[in-house]
Each structure stands twice: as C-alpha cells, then as structure tokens.
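One structure is given here, and the rest of the page talks about it.
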Amino acid sequence: MTDGKVKCMAYQDKYEAYLNEIPADIEVCRQNKRRHVFGYTGNYDIVLKWDVDVYNQILEEFLKEEPAANAGDTVDSMEDFARISSYCLMKGIGASFDVTSLEVCKYLQARFEPEPALGGTCAQGVAAHAAVGFPAVAQLTDKCKEVCKMMDAPGVQVVKGKELVPVMEGASDEAPVYHMILQFSKDDKFVVHGKEYTVPLSNRLILFYDQIHKIVPIDQCFFDYWGEHAEDISSYLVSGFDAILDPAVMEERLSQLVPHFETIRKKNPDFIGYLEGAYYMNPQVKEMIFRRLAPYMNIIGTNEEELVAQNEAYGIATDITDIHSVIKGLEDFMSRYGIRGVVLHTKDYAMYYGEALKGIDIEKGLTMGNLMSGTRARIGKYGTLEECRESLKLGLSPTGLAFHEKLKEIRTDKTAVLVPSRYLEHPKYTIGLGDTFVSGVHTCFP
C-alpha cells in the first residue's frame with residue numbers, strides 16, 4: 001500500500017440513474033453485435049421447499065454425530081446429510097456437496113416439496129441478463145430441453161456448428177442433469193442433540209447427484225467460434241468448475257482454456273475476462289484455476305466466505321467486519337495469484353478493488369449487480385427492469401454505508417469502489433443471488 005488515500009466522498013445513491021441508462025445500453029449492445037459470453041455450465045435444479053419442522057424431524061432421526069463439514073465430504077447416507085447440513089445451518093454458510101446415494105435424493109424429495117429451477121452460474125447469469133433485456137451467449141453442459149426452455153428469450157444464443165443460434169435450436173433430447181438445493185432461512189430454530197440453535201443467515205446447500213460436472217465438457221465448436229470471432233466479445237465469464245474432483249481432469253480443461261484465452265487476448269486485448277469463484281469441492285482444483293487463468297483475467301469475483309477460506313488456507317485471518325482487514329485480505333489474495341482486480345460481493349455491499357478499468361464505469365456494474373440480485377431475493381425470480389425499479393424502494397444497508405464511509409481511511413494506489421446494497425432482511429429466495437449479481441456487473445462492460 002502507498003500513502004495515497006482512497007478518493008471517497010459520502011455515498012451518492014446512483015441506483016435510479018444507472019437503471020435509467022440500461023435501455024440505451026441494451027440497444028447499443030444489440031446494434032454493435034458485441035456480446036457478453038457466459039461459460040460453462042447449466043443444469044436442472046430441484047429446489048426443496050424449506051420446512052424447518054421437517055428438518056428438525058430429520059435431525060432427530062439421523063443426526064448421530066456432532067455437526068461437521070469439510071471440503072471433499074460426500075453425502076453417502078442420511079446420517080451424512082444431517083451432520084453436514086446442521087453444521088452449515090449453525091454457521092449460516094452456503095456450500096456444495098456430492099451425493100453418492102440415489103436413496104438420499106429420493107428421501108429428501110419425498111420429505112420436502114420439490115420445485116424445478118435453473119442452475120449453473122452460466123445459465124442463471126444469461127437468464128438474469130435476458131430478463132432485463134440484454135442479449136448474451138451461453139456455453140451449456142446441460143442442453144436438455146427443460147434447461148433451454150427456462151433460458152429461452154430474445155437474444156439468448158448458443159454456438160452450434162459455425163454460427164450463433166437461438167438457445168432452443170441448440171437443445172438436445174438428453175435427460176436433465178439434476179442438482180438439489182435446500183435454502184434455509186435466517187432466525188429459524190433447529191435442534192441439535194437437545195440444544196436449540198438459531199440460523200444466523202439465510203443461505204443454501206447444494207447437493208450434486210451428477211457426473212457430467214465432474215468433467216465439464218466444453219464444446220469444441222464454442223472454442224472455434226470465439227477463436228474466429230474474438231473481436232465480438234465484450235466480456236467473458238469463466239465459471240462452473242467447482243464440482244471437479246480430479247486434478248487431472250482440470251489439467252485437461254486448462255490445456256484447452258489457456259490457449260483459448262491466449263488467442264482471444266491477442267485478437268481482442270480489451271475484452272473483459274471475469275473468473276467467478278465458488279465453493280470448490282477440491283481446493284486443489286481451485287488453486288490450479290486461479291494460478292493458470294488469472295493472467296488472462298481482468299477480474300476475479302468472490303464472496304466474503306470464499307475470501308476468508310482462500311486466505312485461511314495460507315494461514316491468513318480476514319475479519320469481514322473490518323474494512324482494513326478486508327482490504328488486507330484482498331491484497332494478499334491478489335498478490336498470491338497475480339490478480340489485476342477483484343469484485344467482492346456480500347449481502348451488505350459490493351466492492352471493486354484493483355487496477356483501474358479503462359473506459360468502464362465499474363460503479364455502475366456493482367450497482368446493477370446489487371439491484372438485480374436484490375430483486376431476485378425479493379420476488380424469487382430474475383427481475384425485469386420494472387421489477388428492478390420496484391426494488392429501489394428498499395433502503396440501503398447500514399453496514400454497507402458504514403463500510404463506504406470507512407473506505408476513506410484506506411491508503412492505496414489501487415482503485416477502490418464500494419456500493420452499499422439495497423438491504424432485505426428476510427429474502428424470499430437465496431438461490432442464484434451471486435450468479436444474478438455477476439450478470440448485473442456484466443451490464444457495465446461495453
């Protein structure tokens with residue numbers, strides 16, 4: 001850090017002003033044919049409707065050990081589910097785990113009311129983009145008709161052969177790839193071995209009964225098309241490798257991705273590469289991705305839980321309640337992997353920290369990310385521009401405003417931009433909020 005203080009005035013609420021600019025931005029995107037490209041996964045989610053009474057009955061029957069969960073754990077039985085899920089609820093953390101037992105899947109769907117939904121950062125990001133009116137191109141691992149139908153909207157395209165086609169023209173007759181999601185609610189009471197606990201934060205648990213995302217196949221025609229049309233890329237989202245367990249499989253993907261991005265960067269030096277982090281089932285795979293792909297990315301996206309875990313692995317504590325500790329954590333994170341910039345998204349604020357982004361109003365992206373994800377949390381679906389406008393009635397997060405004020409104290413030569421969120425204490429929906437936020441950020445990339 002240098003002696004230069006962050007130039008940070010009292011927060012000026014630009015939510016409505018930025019929202020008013022979006023229709024013109026959409027029209028420019030449609031006319032110039034530059035596209036926001038989203039990779040690489042989509043799937044058919046089964047959302048299990050949360051019922052705390054049913055959950056307590058499950059714990060009473062199946063929780064034999066103390067609550068605990070570690071990276072790499074698998075759900076082989078209902079006893080595993082009870083142990084892992086109760087730990088996540090106690091901490092209010094979101095996480096993803098493999099399910100190896102079909103019986104566990106059937107049991108959970110029988111006890112909780114199931115509801116179909118769209119899954120995958122790529123697929124959800126494109127759907128959120130389309131809801132406000134932006135065109136976008138997706139690379140899908142699950143091309144089943146059910147997934148494509150949920151994404152079907154004007155301007156949503158995929159690569160088929162040597163051209164871009166509407167998403168439904170890329171649909172297959174294959175069966176869906178299922179993920180089960182259990183979203184739990186803040187302040188709910190649950191019982192562990194006779195002691196009552198309170199859920200500290202609304203979040204979700206994702207359970208994978210899925211083999212395709214252990215390898216994440218990427219269509220060669222997708223690589224070929226964008227290698228030939230690199231100049232048409234505005235921004236490129238990289239995501240979806242969090243379920244890969246085998247480092248050898250990830251090495252194979254990297255052998256495709258590295259030359260792919262070398263080609264694109266040579267032909268289109270100004271495109272925005274955006275790598276979105278996640279909870280990875282194998283932390284070694286995450287390390288491989290960050291170290292190998294960071295040189296080609298402008299931004300790495302992370303939430304506060306992931307930032308804490310990423311630094312803890314190197315013995316570095318990050319206090320998410322202290323802006324000085326957060327900035328120090330971001331500095332450590334960036335220097336470790338040679339990252340140019342980070343977008344940190346939390347329930348109270350979003351922040352960009354890193355190199356200046358020439359010609360890009362990143363405050364606009366953070367604002368739209370907050371607004372679009374807040375709208376999804378409020379109404380339970382990807383919001384239209386008018387539904388986003390309704391979310392302007394929500395107040396700004398007091399914690400976010402306090403962080404913005406404290407940012408003035410930071411001395412750094414980097415760009416630091418923080419936008420408080422429109423705060424919702426009890427969200428209707430917690431699934432896909434991060435994916436929707438990322439989609440919103442991409443609206444500022446020309």
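Among the numbered criteria (1) assigned to a loop (DSSP other than H, G, I, E, B); (2) within 20 Å of Ile431 (Cβ to Cβ); (3) open to solvent by 60 Å² or more (accessible area, probe 1.4 Å), which one does Gln109 miss?
(1) is the only condition that Gln109 fails.
Considering only region 297-314, how many residues are of a type in the set (A, V, I, L, M), free of Cβ contacts under 8 Å to residues at least 40 places away in the same chain and open to solvent by less than 20 Å² (accessible area, probe 1.4 Å)? Reasoning before the result, please.
First, pick out the residues of region 297-314 that are of a type in the set (A, V, I, L, M): 297, 299-300, 307-309, 313.
Remaining after also requiring free of Cβ contacts under 8 Å to residues at least 40 places away in the same chain: 307-309, 313.
Now restrict to residues that are open to solvent by less than 20 Å² (accessible area, probe 1.4 Å): 307.
Residues meeting the conditions: 1.
Just name the residue that is nearest to the chain's Cα centre (by Cα) out of those in region 171-208 that are among the basic types (Lys, Arg) and loosely packed, with under 13 Cβ neighbours inside 10 Å. Talk me through it step by step, then tell me what you get.
Taking region 171-208 as the starting set, the residues that turn out to be among the basic types (Lys, Arg) are 186, 189, 195, 204.
Now restrict to residues that are loosely packed, with under 13 Cβ neighbours inside 10 Å: 189, 195.
Numbers: Lys189: 28, Lys195: 34 Å.
Only one residue fits best here, namely Lys189.
Can you pull out the residues in region 243-271 that are over 20 Å from Gln211 (Cα atoms), open to solvent by less than 50 Å² (accessible area, probe 1.4 Å) and assigned to a helix (DSSP H, G or I)?
Leu257, Val258, His260, Phe261, Ile264, Arg265
Looking at Ala294, Ala317, Ala278 in this structure, which one is assigned to a loop (DSSP other than H, G, I, E, B) and in contact (Cβ under 8 Å) with a residue 12 or more places away in the chain? Break it down stepwise before answering.
On the way: Ala294 fails: assigned to a loop (DSSP other than H, G, I, E, B); Ala317 fails: in contact (Cβ under 8 Å) with a residue 12 or more places away in the chain.
Going through Ala294, Ala317, Ala278 in turn, just one is assigned to a loop (DSSP other than H, G, I, E, B) and in contact (Cβ under 8 Å) with a residue 12 or more places away in the chain: Ala278.
Checking Thr430 against (1) of a type in the set (S, T, N, Q); (2) part of a helix (DSSP H, G or I); (3) at pLDDT below 95: exactly one of these is not met. Which one?
Only one criterion is unmet by Thr430, namely (2).
Need at least 2 residues that are without any contact (Cβ under 8 Å) to a residue 24 or more places away in the chain per element, so show me which helices (runs of 4 or more DSSP H) inside region 360-419 make the cut, counting only ones lying wholly within it.
Details: elements: 362-379, 385-390, 398-406.
Correct list: 385-390.
Can you pull out every residue in region 20-61 that is in a strand (DSSP E or B) and not aliphatic (A, V, I, L, M)? Write out each step before concluding.
At the first step, the residues of region 20-61 found to be in a strand (DSSP E or B) are 35-38, 43-48.
Across region 20-61, the qualifying residues are Arg35, His36, Phe38, Asn43, Tyr44, Asp45.
Taking strands (runs of 3 or more DSSP E) that fall entirely within region 116-170, which contain at least 3 residues that are open to solvent by less than 50 Å² (accessible area, probe 1.4 Å) and in contact with a helix residue (DSSP H, G or I) (Cβ under 6 Å, 6 or more places away or on another chain)?
Numbers: elements: 136-138, 156-160, 163-166.
So the answer is 156-160.
The values are calculated or read from the model by the stated rules, or taken from the named source; none is laboratory data. All values reported here derive from a predicted model rather than from experimental measurement. For neighbour counting, all protein chains shown are included, and Cβ atoms are generated from backbone atoms with ideal geometry for every residue, glycine included. Accessible surface areas use protein heavy atoms only, side chains included; no ligands, DNA or RNA. Shrake-Rupley method; radii C 1.70, N 1.55, O 1.52, S 1.80 Å.
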